[in-house]
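To start, the structure under review is shown below, and the notes come after it.
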Amino acid sequence: MKIRVCLILLLSFIIPKSFSQVAINTSVPNYITHWEKTNTVGLDITQVAFVNWNVGGNNSVSGLAKGNFMRKYVKGNINWHNELILRYGLNSQEGQEVRKTDDQILLNSTFGYRKDTLSNWYYSAKFSFTTQFANGYAYPNTTDEISGPFSPAYIFLGIGTEYMRKDLGLTAYFSPLTDKTTLVLNRTLADQGAFGVERAEYDAEGRKIKSGRNIRTEVGILVTNNIKRQVFKNIMLDHRLSLYTDYLNKFGNIDVNWQLSLDMTVNEYVKANIGTHIIYDDDIKATEERDGGIVTVGPKIQLKQILGVGLTYSF
């Protein structure tokens, strides 16, 4: 009898524990998010110092602060991609004032809808906004600014179609109907007709009789192509190309904005970057020094080269 009682008590402890070990957890997460986010901030610093250096040279230090913030919503047939890029750089060289080396505020937002989850083609709407933080100058002249915040600012808003290949890191967008708005809120630059806005009118004695316009609107075709993928170990390619032509004003005259960069990862926090940025815009007139004076000439290709090493942090 005692043996039977002991067996019953033993089984009463073993059986519940055995069943508890194979129990299936059917709880669900508190929420399901369809948002992806990436935040990256960085600082590149370059210093050159000389002490009793026979061949000569000026001490200098340069700094570039940058940030890239991405928000992406993906659910079923919907794809909504948002990106904010911020850059600001300064250079201090012995014997001259602090000068700006880089300045950019860029906001992109693309909303796409596709018929089914297998197609790579989306019906898309794209918004883009570009301007800068501070005034720009044609150094060494730091009295008369040649650009500034919202002078210019470019706004693109259009509808079209977009082809996306996530496996290739490829995005191509075509819009047959895109509105391009150019803002020049600086009154001096607007009166000069900078960046293609209508310039001020003056009488024979030089008195202003009509102020320059602050806004210029165009409607045309926009084509963009982005490629972002790893090409070698620890080397990421970032290619961005934008082509725009206006239907009414010199149709076929294409504005080009092309950026190409290679991001090379040293470790989790240290990265090197090499790249180029090319701009051609028929509405941006170049200036040259002739006979001791500054004259305005036709548009020219704008080229910027970038080479930097610095710290980055992603969160």
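What follows is calculated from the coordinates using simple rules that are stated; it is not laboratory data. No experiment lies behind these values; they were computed from the predicted model shown. Reconstructed Cβ throughout: ideal geometry from the backbone, glycine too, with neighbour counts over all protein chains shown.
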Practice prompt. List, in order, the whole-Hz ³J(HN,Hα) value for each residue of the range 267-277 obtained from phi through the Karplus relation with A = 6.51, B = -1.76, C = 1.60 and θ = phi - 60°; use x for Gly and Pro.
Written response: 8, 4, 10, 10, 9, 10, 9, 9, x, 9, 9
Practice prompt. Grab the Cα-Cα distance for E36 and K285, subtract it from 0.36 nm times how many residues apart they are, and report the gain in nm with one decimal.
Written response: 85.5 nm
Worksheet, complete the sentence: Scoring the range 36-314 by relative contact order with C-alpha pairs under 8 Å, at least six apart, yields a percentage of 11 percent
Worksheet entry | Neighbour cut-off at most 14 other Cβ (10 Å), DSSP loop, GluC sites (Glu not before Pro), the range 57-137 | E94, E97
Worksheet item: Ordered by residue, what ³J(HN,Hα) values in Hz, to whole numbers, does the range 230-242 give under the Karplus form 6.51 cos²θ - 1.76 cosθ + 1.60, where θ = phi - 60° and Gly and Pro are x?
Response: 7, 9, 9, 4, 6, 10, 10, 8, 10, 10, 9, 10, 10
Worksheet item: Local charge sum around K100 (other residues, Cβ-Cβ under 13 Å, Lys/Arg +1, Asp/Glu -1)?
Response: -1
Worksheet item: Taking Cα centroids, how far is the range 236-274 from the range 41-72 in Å?
Response: 22 Å
Discussion item. Only sites in a loop by DSSP and with at most 10 other Cβ atoms within 10 Å count here; which GluC sites (Glu not before Pro) in the range 182-218 make the cut?
Written reply: E205
Worksheet entry | Structure-derived semi-axes √(5λ) of the Cα gyration tensor in Å - corresponding label in (1) 54, 29, 17; (2) 38, 36, 18; (3) 36, 22, 16 | (1)
Worksheet entry | Helix 2-21 axis, angle to the chain major axis (alpha carbon atoms, nearest 10°) | 20 degrees
Worksheet item: For the range 127-136, what does the Karplus curve 6.51 cos²θ - 1.76 cosθ + 1.60, with θ = phi - 60°, yield as ³J(HN,Hα) per residue in whole Hz, taken in order and with x for Gly and Pro?
Response: 10, 9, 9, 9, 7, 9, 7, 9, 5, x
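Looking at the range 94-201, which chymotrypsin sites (Phe, Trp or Tyr not before Pro) are in a loop (DSSP not H, G, I, E or B) and have at most 15 other Cβ atoms within 10 Å?
Sites meeting the loop and neighbour criteria: F133, F150.
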